[in-house]
Amino acid sequence: MASPPRIHILPTDTAKRIAAGEVIERPASVLRELLDNALDAGATAIEAEIEGGGIASLRVTDNGCGMCAEDLALAVLPHATSKIATLDDLLTARTLGFRGEALASVAAVARLEILSAEADGTPHRLVSFPDRPAVVEPSAGRPGTTVRIMGLFDSYPARKLFLKRPASESAHCRQVFVDKALAFSAVSFRLLSDGRIAIFLPPSDPAGRVAALYAPDSFRGLVTEAVLSGPGFGGRAVLGDPALARPDRRHTQVFVNGRRVPEYALLTALDWAYSSVLPGGEHPFAFLFLDVDPALVDFNIHPAKREVRFRDIESMRRAVLKSIQGALGDRARLSPYRDPPAEPTLWEVREGIPNPGTRHDERKSWARIAELASCVREARGTELPGACGESGGAVPPDWPRECSAGFRFLGAALGVFLVYEEDGALWLLDQHAAHERLLFEGLRSGPPIVQELLVPLAVEPESDEEEAWLISSSGALRQAGYLLEREGPRWLLTGMPAGLRGGDSGAILELLRARPAPDALLLEAHAATACRAAVKDGDILDRAAALDLIALSRELPEPRCPHGRPVRLRFGKDELYRLVKRLV
Ligand code: ADP
Ligand code: MG
């Protein structure tokens, strides 16, 4: 018994108001659309198979509702969808798709075969080639749908040229697959790549799914789940032990209504929630799965729905922060996902240390200053004055630690000053300003060392002026080590100067807000980088790092930070004597 068709073509005026643009850029974008369709069809088991990175062929099979023959014929036409009828439906639609464009776009650039059957209907097969009408015929098959795509961009050599090697396209596919599997933990997912099972995930709860994908075995017991709720939204957070934190945001992820989104406000809410148990610069193992009333979020701003706009992001951010802080603060209420280990958990161990950040900060700051020392040394080579002894000759290989002989380090004070005595005077060195100035010198002494970001960061212009500034400045920013690529309506930061923490888009955002003029841009960019990368007030430096910082900053030609503040203060003996009314 065939049921009446469900798919219709959206009227032109509705179609026109739906975010337009190319959604098929590479195999991973096809995979994302097909997985979305399978999930929208209510599938409980999904299998994807890719060959040659998905360029040669890509298949998704689901056990969802299937399509009748009429729907099958309509499905590949532009603006054909069963998910919305009018634009107002977007306020209530909970489906992943709504544009009715994916299958049509795929059919335009690849060979497409769809096998589909409703639970009690006749199976049909659709075959389509680019620029030819599709053919639908009865066939054998099981309820559900299989979509197979072959020869992506074969008739578009120029677009095929932009694809990367199969291994790299395959990695993109895998990421898309994992993102969907995380958002739909109750569904079973299987990925085959070139005939081998790459990922198999039985149905689970969110914590189980996250742990299966990302937590090493010994930490699975330390991944817990918290239930969240607030006005217009509910959800869950999967929270890992602080020991699972990383210096990048690879394991800090936000999902909204089944889609992974780079929503900065929520990512930083996760950082904040953990701030009392993690040292600065570390990002937690935390996955946020929000289910938001569709009337309060807008995905109709990016054709591939990679971005979301919240009606009131601030109250959402506050609510998320509060719920997670509550959950972290009262961990007794959280039930561990699997058997907790017998020894004290890392939560407890960390809490035993009065200042959980200290040891980390020491190590990090030292590493950064050591790097800085070598980069300044390289930049200035043998021009460094022979400050150690009066040899005046070649710089000793382990300069500058030996130079501490020239001054006497007295200690750190008030969280920001390194105090030392030299030439009968007392000196206070502002550790942040000094490090900032040294990094600045290193940056402007040569071409930038760039670190490529594994996960690019979205940079969102907030006004037309900012967008225009990005367009005119991206070349100059590249020279400063910031690699920006435009992708549809947004910009992606794909690389940043080495020394900044991956995931820290603070410097580029500061520049974007300040929009320096072209002649000042390079120096401003170096200054912003140096400021973000430098040790902060309150960072505790170990002795060796402090000695290095003092020694290096004594050699600065201009002992001011890039914004003009003095880096150090000198109190001469006679000056201090006068203050205590002592006779010199
Ligand atoms: P959209 O998902 O935005 O509606 P698509 O072009 O992706 O647009 O799909 C068009 C229509 O085809 C869908 O609305 C749905 O009715 C049908 N369809 C696509 N894939 C499947 C599937 N795997 N199972 C059942 N129906 C599907
Ligand atoms: Mg779709």
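Computed from the coordinates by the stated procedures, all read-outs in this text should not be read as laboratory data. Since the model is a prediction, treat every value here as computed from it, not as a measurement. We place every Cβ from the backbone using ideal geometry, glycine too, and count neighbours over all the protein chains shown.
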Inter-probe distance in nm under a simple model that places probes 7 Å from Cα toward Cβ, at Ala56 and Ala458: 3.5 nm
Take the alpha-carbon centre of segment 474-536, take the same for segment 176-206, and report the distance between them in whole Å. 36 Å
All alpha-carbon distances of segment 1-133, grouped into 10 Å bins from 0, give the whole-percent distribution 12, 43, 37, 8, 0
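Work out the FRET efficiency for His8 and Thr122 from their Cβ-Cβ distance, taking R0 = 25 Å, and round it to the nearest 0.05.
0.70
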Using the alpha-carbon centroid of each, what span in Å lies between segment 100-131 and segment 5-57? 11 Å
Give me Lys164, Lys581 sorted ascending by neighbouring Cβ count inside 10 Å, so fewest comes first. Lys581, Lys164
Multiply the residue gap between Glu113 and Ala517 by 0.36 nm, knock off their C-alpha separation, and tell me the result in nm, one decimal place. 140.1 nm
Alpha-carbon spread of segment 459-584, three principal axes, descending order, Å: 72, 30, 23
Cβ-defined net charge surrounding Ile18, 12 Å radius [Lys, Arg +1; Asp, Glu -1]: +1
Considering only Cα-Cα distances, which of the following residue pairs are longer than 32 Å: Lys180/Lys536; Lys160/Lys180; Lys536/Lys573; Lys164/Lys322; Lys16/Lys322; Lys536/Lys581? Lys180/Lys536; Lys164/Lys322; Lys16/Lys322; Lys536/Lys581
Please report, largest first and rounded to whole Å, the three semi-axes of the ellipsoid equivalent to segment 176-297, where each semi-axis is the square root of five times an eigenvalue of the C-alpha gyration tensor. 23, 19, 13
If each residue of separation counts as 0.36 nm, what is the full-extension length gain between Val227 and Ala167 once their alpha-carbon separation is subtracted? 17.8 nm
Under 8 Å for C-alpha pairs, at least 6 residues apart: give me the relative contact order for segment 166-295, rounded to a whole percent. 23 percent
If each residue of separation counts as 0.36 nm, what is the full-extension length gain between Ala85 and Thr44 once their alpha-carbon separation is subtracted? 12.2 nm
Using a Förster distance of 41 Å, the FRET efficiency for Glu137-Asp298 (Cβ separation, nearest 0.05): 0.50
